[in-house]
Amino acid sequence: PGLSEIYAQTLLAMEKHEQAVPVLRQITAAHPEDIDAKLELARALVDTKTAPDEAVRTIQVVLDAQPAHAEARALMAEALALGGKFAESLQAYQSALETDLVANPDWSSRLSLGLGKVALAMNQPDIAIAALEEAAQADPQNHLILITLCDAYRQAGLLADALQTARQTLRIAPDDSDTLAWFAETIVEFPASPSHETATGENSFLQIEAL
């Protein structure tokens, strides 16, 4: 590998994806036939959530060369979602979930979470719930999955399930500031009911603990 390739790999290893993007662009421009370089660029663009249209174009080049490339299909789903093309993204997620990637627990969770978010954006909570419940069973300690599942339950009007999932999320990640903020915002939105009184009490406990 040349100096540019080494520099790009160093930046990626240090998780400096934003800095790696322009270097990877130079590499792909100099070597347009290099599919691996294009895949690295696509990963960086998706990770940084920048230039989704460029990410889609880059991934499409990979898929044109290797239509069955599982990771490229997954990245396409994510890039389409970043660009707000939710219907196309949903189909891409469903396609990616049919690949061997699902044998990898990290990818399985990532894809199910992504599909759930896209389904919610399309106001299709039933699809989101089906994907996220399966993901939560496979990865029960993933609080990000549970947060999205709670939102899906709320969108579907399943408030008891939403409340139970919100509590479960808090138990899993009690020290995560983003989760605490989400829980505090979410719990007060439940309608007044006996269960809401419990929720309010739990929210008060949360506020006391935060002092």
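The values are calculated or read from the model by the stated rules, or taken from the named source; none is laboratory data. For clarity, every value in this text was computed on a predicted model and none was experimentally measured. Cβ atoms come from the backbone with ideal geometry, glycine included; neighbour counts cover every protein chain shown. The area values use the complete protein model at the heavy-atom level, side chains included, leaving out ligands, DNA and RNA. Shrake-Rupley method; radii C 1.70, N 1.55, O 1.52, S 1.80 Å.
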Taking Leu80, is it touching a helix residue (DSSP H, G or I) at 6+ places or on another chain (Cβ under 7 Å), in a helix (DSSP H, G or I), at pLDDT 95 or above and closer than 20 Å to Leu144 by Cα?
no
Leading residue by the ranking (nearest to Leu97 (Cα to Cα)) among those in the range 127-144 that are of a type in the set (S, T, N, Q) and open to solvent by 60 Å² or more (accessible area, probe 1.4 Å):
Gln137
Does Leu24 qualify as being farther than 22 Å from Gly116 by Cα, open to solvent by less than 30 Å² (accessible area, probe 1.4 Å) and of a type in the set (A, V, I, L, M)?
yes
Pull up the range 47-89, narrow it to residues that are among the small types (Gly, Ala, Ser) and under 16 Å from Asp34 (Cβ atoms), then point me to the one that is farthest from the chain's Cα centre (by Cα).
Ala65
Taking the options Ser109, Ser95, Ser89, name whichever one is open to solvent by less than 50 Å² (accessible area, probe 1.4 Å) and farther than 21 Å from Leu63 by Cα.
Ser109
Which is in contact with a Leu (Cβ under 9 Å, 6 or more places away or on another chain), part of a helix (DSSP H, G or I) and among the basic types (Lys, Arg), of Arg57, Arg73?
Arg73
Filter pass, Ala65 being at negative phi and surrounded by fewer than 17 Cβ atoms within 10 Å (Cβ to Cβ)
yes
Residue that is modelled with the lowest pLDDT, among those in the range 109-164 that are among the acidic types (Asp, Glu) and in a helix (DSSP H, G or I):
Glu134
Selection within the range 173-211 - modelled with pLDDT of 80 or more, out of contact with any Pro (no Cβ under 8 Å at 6 or more places or on another chain) and open to solvent by less than 100 Å² (accessible area, probe 1.4 Å):
Ala173, Pro174, Asp176, Ser177, Thr179, Ala181, Trp182, Phe183, Ala184, Thr186, Ile187, Val188
Does any residue of the range 36-46 turn out to be touching a His at 6+ places or on another chain (Cβ under 7 Å), within 20 Å of Leu113 (Cβ to Cβ) and of a type in the set (D, E, K, R)?
no
Tally, over the range 60-70, of residues that are over 19 Å from Val21 (Cβ atoms), not in a loop (DSSP other than H, G, I, E, B) and not acidic (Asp, Glu):
3
Gln94 being touching a residue at least 12 places away in the same chain (Cβ under 8 Å) and outside any helix (DSSP H, G or I):
no
